[in-house]
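The values are calculated or read from the model by the stated rules, or taken from the named source; none is laboratory data. Keep in mind it's a predicted model, so treat the numbers as computed, not measured. Every residue, glycine among them, receives a Cβ derived from its backbone with ideal geometry; neighbour counts consider all protein chains shown.
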Amino acid sequence: MTLEGLIVIGVVIAVIAVLALTRLAADALMMAALTFLLVVPVPGDGGWKIGILSLKEGFAGFSNTGMLTVGVLFVVVTGLRETGGIDWIAQRLLGRPRGTRSAMGRIILPVCGFSAFLNNTPVVAMMIPAVSDWARRLNISPSKLMIPLSYAAILGGTCSLIGTSTNLVVNGLVIGEGGETLHMFDITWIGLPAVIVGATFMIVLGPKLLPQRGAVRAALADARQYTLELLLPSGSAMADKTIEQAGLRNLPGCFLVDIERGGQPLGGVGPQTTLREGDRLLFAGVVDAIRDLQKMRDLAPATDQVFKLDSPRYRRRLFEAVPSRSNPIIGKTIRDARFRNRYNGVVLAVARDGQRVGGRIGDIEIRPGDTLLIEADEDFANRYRDNRDFLLVSRLEGSTPRRHARAPLAFLILAAMVAVATIGWLDMLQAALLAAGLMIVTRCCTVTEARQSVDWSVLIVIAAALGVGKSLETSGAAASIAGGLLSLAGDHPWLVLLVIYAVTSLMTEVITNNAAVVLTFPIAQAAAAALGPNGVNFAPFIFAIMMAGSASFATPLGYQTNMMVYGPGGYNFGDFLRIGVPMNLIMCVTCVTLIPFIWPF
């Protein structure tokens, strides 16, 4: 192995060690590793040269279509989120499980089905915010659900030829070597057993192996407890359902205090109380819970004042404001204060000294020290932050009212994106760019929301990891590692198959999955030809490479969806090792055991 190869292997080992043992930001570490490979002096022809990688090779990842597609898909998902489409998915698809294992099952099974026919990246991108919101409502740590989400997408992608780009790359290699193209469901014979085994492992042992970390929120832990009044509008899907069936029981951070029907409070509201159109629901809870409530699809603000504001709702935000003693609205009810006319905003909820304020919102008398939750246009804070009428004005992030009427349009755009990419009219990046543009043009999301939705740290990690992976390839380190390990297998077909799978899986964890299968394919082809007097059937090796290249679980670097859930799940590198290494071993045993029976040597 060359000196360059040894340096690259040292860098990769150092990156893995630092990620595993520290909480250093992954994007900063990957950029540091890439920078080192670009500037380290190494011996060259006739002297020394700067960098193991050229600038073009090192920064090729920043123009990689896969990385760019991930970035654009953040915008597409924002359109779904801001129209309430993701809330709809969470309510209809995920439901209300009884515990963590049940929640995992409700994620794993449908996501595996989606990923068999859709690209894994948009499936995970679409589900991350839905699962995050769902976990918060169920008071389950997102760290218990995000890795299963990624793993389910990876497993589902192994069930068809179009389920993942790795399968298509291997199929292209087979055709390039003069073989026949693989059929759509050839890989399903091994992909489906892998899904069953992998899903069972996650549901049974996942709760013990996954960390308890992240945004589990204690109910009513905030000192400010708001009172919010919402209306069950005509046509609401919650009508004629019990409180429990409507999902309004055991809400994290808030509770349903009372229901007013026909001008009279019902009193004694229980989980089996049936909701009716026109009911006024009085909630009490912390600000995050109140913010989530006012976004729900089947509930509307009880005050009609929100519909009289000048700006459209998709351009509004929520603000918290504390009126000063000199404010003329002090001592008046919200209705009598004519707040909308005076400040071009509407009071939705009131918090007072950590205590619940009784009565309807319009009848609450404003006192000094009250905190008002206000819906207003984006400039409200700028107008009144330094105004003597208020002691404090602050904006709540992520508080844009949902544009529910555009949810069907957002889903149509998403379906069209998937369809044109699957048919082949456009590649995935072109389809994603078109879909993102349509989300903005049709006002499913604004330009500002689109810009803020992009998680730049994820994109930097992916781009830098592609550069580091390229150095393994160009330095010859990857080929040397693969060849050395393969020499240990001897001439036993089953043992050679095991080594091919293990080498591909190992390389996939530290370089891109597509690069891993490209590097191991010719090695496996030569090994199959050398076994026995006339060689052995190459088909088992083809499907072993496809499965090992896709089934990457042990590191966040091995597969894009792992990196996508890294931040939302609050994970560190060791979390992936703890559950991913056993998962890799189980998949290896399953595939190497079954493949020779399905495609004999």
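Against the numbered list (1) in contact with a strand residue (DSSP E or B) (Cβ under 7 Å, 6 or more places away or on another chain); (2) assigned to a helix (DSSP H, G or I), Ser394 comes up short only at (2). Within segment 301-327, restricting attention to residues that are among the aliphatic types (A, V, I, L, M) and modelled with pLDDT of 80 or more, the residue that is farthest from Leu392 (Cα to Cα) is Leu318.
One residue stands out in segment 122-142 among those that are small (Gly, Ala, Ser) and touching a Leu at 6+ places or on another chain (Cβ under 8 Å): the one that is nearest to Leu433 (Cα to Cα), namely Ala125. Every condition in (1) over 20 Å from the mean Cα position of the chain (by Cα); (2) within 30 Å of Asn572 (Cα to Cα) holds for Trp425 except the one numbered (2). Please tell me if Arg451 is surrounded by fewer than 18 Cβ atoms within 10 Å (Cβ to Cβ), in a helix (DSSP H, G or I), assigned by TED's automatic domain parsing to the domain that holds Ala415 and basic (Lys, Arg). The answer is yes for Arg451. Of all the listed residues (Ile523, Ile545), the sole one being touching a Ser or Thr at 6+ places or on another chain (Cβ under 9 Å), aliphatic (A, V, I, L, M) and either surrounded by fewer than 24 Cβ atoms within 10 Å (Cβ to Cβ) or not assigned by TED's automatic domain parsing to the domain that holds Ser141 (or both) is Ile545. When segment 162-193 is filtered for residues that are assigned to a loop (DSSP other than H, G, I, E, B), surrounded by fewer than 19 Cβ atoms within 10 Å (Cβ to Cβ) and hydrophobic (A, V, I, L, M, F, W, C), the ones remaining, listed by number, are Ile162, Met184, Phe185.
A Cβ distance below 8 Å, combined with a sequence gap of six or more or placement on separate chains, defines the contacts here; from segment 270-296, residues that are without any contact (Cβ under 8 Å) to a residue 40 or more places away in the chain reach no residue that is part of a helix (DSSP H, G or I) and surrounded by fewer than 21 Cβ atoms within 10 Å (Cβ to Cβ).
Quick check: is even one residue across segment 412-433 among the small types (Gly, Ala, Ser), at pLDDT below 80 and surrounded by 24 or more Cβ atoms within 10 Å (Cβ to Cβ)? No, there is no match, as no residue in segment 412-433 is among the small types (Gly, Ala, Ser), at pLDDT below 80 and surrounded by 24 or more Cβ atoms within 10 Å (Cβ to Cβ).
The helices (runs of 4 or more DSSP H) located wholly in segment 497-601 that include 2 or more residues which are touching a residue at least 24 places away in the same chain (Cβ under 8 Å) and more than 20 Å from Leu192 (Cβ to Cβ) occupy 513-530, 560-566, 573-598.
Matching residues to (1) at pLDDT below 75; (2) among the aliphatic types (A, V, I, L, M); (3) assigned by TED's automatic domain parsing to the domain that holds Pro129:
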{"position": "Gly467", "(1), (2), (3)": "no, no, no"}
{"position": "Ala482", "(1), (2), (3)": "yes, yes, no"}
{"position": "Ile500", "(1), (2), (3)": "no, yes, no"}
{"position": "Asn514", "(1), (2), (3)": "yes, no, no"}
{"position": "Pro533", "(1), (2), (3)": "yes, no, no"}
{"position": "Asn562", "(1), (2), (3)": "no, no, no"}
{"position": "Tyr566", "(1), (2), (3)": "no, no, no"}
{"position": "Pro582", "(1), (2), (3)": "no, no, no"}
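Every residue in segment 33-51 that is touching a Phe, Trp or Tyr at 6+ places or on another chain (Cβ under 9 Å) and either among the aromatic types (Phe, Trp, Tyr) or surrounded by 18 or more Cβ atoms within 10 Å (Cβ to Cβ) (or both), please.
Step one: list which residues in segment 33-51 are touching a Phe, Trp or Tyr at 6+ places or on another chain (Cβ under 9 Å), which gives 34, 38, 41-42.
Hits for segment 33-51 are Leu34, Leu38.
The rows are residues; the columns are (1) assigned by TED's automatic domain parsing to the domain that holds Ala302; (2) loosely packed, with under 15 Cβ neighbours inside 10 Å; (3) part of a strand (DSSP E or B).
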position: Met238; (1), (2), (3): yes, no, no
position: Gln245; (1), (2), (3): yes, no, no
position: Arg249; (1), (2), (3): yes, no, no
position: Phe255; (1), (2), (3): yes, no, yes
position: Glu260; (1), (2), (3): yes, no, yes
position: Gly267; (1), (2), (3): yes, yes, no
position: Gly270; (1), (2), (3): yes, yes, no
position: Glu277; (1), (2), (3): yes, yes, no
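Each residue in segment 39-60 was checked for being without any contact (Cβ under 8 Å) to a residue 40 or more places away in the chain, among the hydrophobic types (A, V, I, L, M, F, W, C) and within 16 Å of Leu466 (Cβ to Cβ), and 1 of them qualify. Of the residues making up segment 50-87, those that are acidic (Asp, Glu) and in contact with a Cys (Cβ under 9 Å, 6 or more places away or on another chain) number 1. Considering segment 52-63, and only residues there that are surrounded by 15 or more Cβ atoms within 10 Å (Cβ to Cβ) and in a loop (DSSP other than H, G, I, E, B), the residue that is farthest from the chain's Cα centre (by Cα) turns out to be Ile52.
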